[in-house]
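In what follows, a structure is listed as structure tokens, so that the remarks can point back to it.
The values are calculated or read from the model by the stated rules, or taken from the named source; none is laboratory data. The structure displayed is predicted, hence computed values, not measured ones. As a convention, Cβ positions derive from the backbone with ideal geometry for all residues, glycine included, and neighbour counts pool all protein chains shown. Surface areas here come from the heavy atoms of the whole protein model, side chains and all, with no ligands, DNA or RNA. Shrake-Rupley method; radii C 1.70, N 1.55, O 1.52, S 1.80 Å.
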Amino acid sequence: MSREPSVLKKRVAILGSTGSIGRQALDVISRYPERFTVVGLAAGKNTALLAEQRARFEPSVVSSGEDGAAGLLAVATASKPDIVLAATDGAVAFDAVFAAVDAGIDVAVANKELVVAAGELLFAHARASGARLLPVDSEHSAIFQCLRGEPVERVASIILTASGGPFWNTPAEEMRNASIDRALKHPTWQMGVKNTIDSATLMNKGLEVIEASRFFDLPAEKIHVLVHRTSVAHGFAIFTDGNVIGQLAPPDMRLPIGYALAYPDRLDDHPVTDPLVALGGALDGAATVLGFERPDVERFPCLGLAYRALREGGTSPAALSAANEIAVAAFVDGRIRFGDIPVCIERALSGVERADLSLDAVRAADHEARRAAALAVAECETTAGTKAIS
């Protein structure tokens, strides 16, 4: 007997279709032509790939970076989607996502900066319009599944897991001077450049802590991070009676993407039924290990900076996110050392005046933090050079 959520095709619009998440989403969608139809695609500069996607999926609305904010808005709303996948980087799609939410359109969120910088406002708009905001990050998808149907007052705390990135066991001085090539060697996940660098600094986990606070309405002290090197367990919820519920799955972003797109249903994806393989073991039957460690915020100060921004509230998370973008870009360009990334972020966060939350205030904090971070980058260039260890 067919399930009711599967009867009607979902109309999907993707903001950031040529990026890593966008491409994986289209891979999921292509396997379920009876479940999804693509009605809108927006990309940045990769117009060649966008043209291929357009020819394959035949969306009614397509936009590239040349179309600017108007193009993103058209994809998010004029394509008349049932759900928008927000998979762009930075603040470029803020207006388009807010417009979709205000129109009552569900949004699957894969844009950390959106929820970090403007999450309080976004969730307030969603409550007013009735739109659902669905997490795509594997960790937030895990918590979302663990908490499904549970009253928030019975949640004692949640745990987000982190891979630890490529430098978990690297000596501090060696890590401070590490090269871009080493920083991009993530042990388990395949991601874009910025997200991979954020994983190496643990800033990605810090941003996810702020996101989790917005998604699940929890304060900083109820959100914990543990390092789990095999990336099989993605999150846990600890309840007031002492019970713990966790979510485990292979490290494949197509799983949380598919869950968000199909919600409240699940996809019938013919999963591996071998219990060891399903829980992250090798195909030859080798066992997987569920080991956990506490993160060292002295060696990975970006995580501590994120908790600080969450506790300060207001526009501090927006400033943190913007400063991180500038610092990461400077490292990728070879202008600063890996160890200078948190230094630049801290200087920008301390130098930006905090303000009460509004979308204009978020934009102002973003602008000011980028300016302050750029000044910090220039100072680090002057004092430290760009030495790196290959």
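Just to verify a number: FRET efficiency for Asp296 and Leu248, C-beta to C-beta distance, R0 = 35 Å, to 0.05?
My answer for the efficiency is 0.90.
State the percentage of accessible surface on the stretch 294-359 attributable to carbon and sulfur atoms; use a 1.4 Å probe and exclude ligands, DNA and RNA.
45 percent
Please sort by residue number the trypsin sites (Lys or Arg not before Pro) in the stretch 38-74 whose DSSP state is loop and whose Cβ has at most 13 other Cβ atoms within 10 Å.
Lys45
Counting only C-alpha contacts under 8 Å and six or more residues apart, can you give the relative contact order of the stretch 95-195 as a whole percent?
21 percent
Roll a 1.4 angstrom probe over the protein heavy atoms and tell me the percent of accessible area of the stretch 39-79 that is carbon or sulfur.
Taking all protein chains in place, the stretch 39-79 shows 51 percent carbon and sulfur surface.
Counting alpha carbon pairs within less than 8 Å and at least 6 residues apart, what relative contact order, in whole percent, applies to the chain?
Here the relative contact order equals 15 percent.
Report in % the part of the accessible area of the stretch 130-285 that belongs to carbon and sulfur, leaving out ligands and nucleic acids; probe 1.4 Å.
53 percent
Return one whole number: the accessible area per residue of the stretch 287-390 in Å², for a 1.4 Å probe.
48 Å²
For the stretch 137-243, what does the accessible surface come to per residue with a 1.4 Å probe? Please give it in Å².
Roughly 36 Å² per residue, with all protein chains present.
Could you work out how far the C-alpha centroid of the stretch 349-380 sits from that of the stretch 38-92, in angstrom?
Using only Cα atoms, the two centres lie 29 Å from each other.
Which three extents, in angstrom, do the Cα atoms of the stretch 26-144 have along their principal axes, listed largest first?
The principal-axis extents, from largest down, are 37, 31, 24 Å.
Most fluctuating residue of Ala319, Ala55, Ala233 in a GNM of the chain with Cα springs under 10 Å: which is it?
Highest fluctuation among the options: Ala55.
At 1.002 mPa s and 20 °C, plugging the Kirkwood radius over alpha-carbon pairs of the stretch 131-248 into Stokes-Einstein gives what diffusion coefficient in µm²/s?
After rounding, the answer is 142 µm²/s.
Express the relative contact order of the stretch 162-247 as a whole percentage, based on alpha carbon pairs under 8 Å and six or more residues apart in sequence.
32 percent
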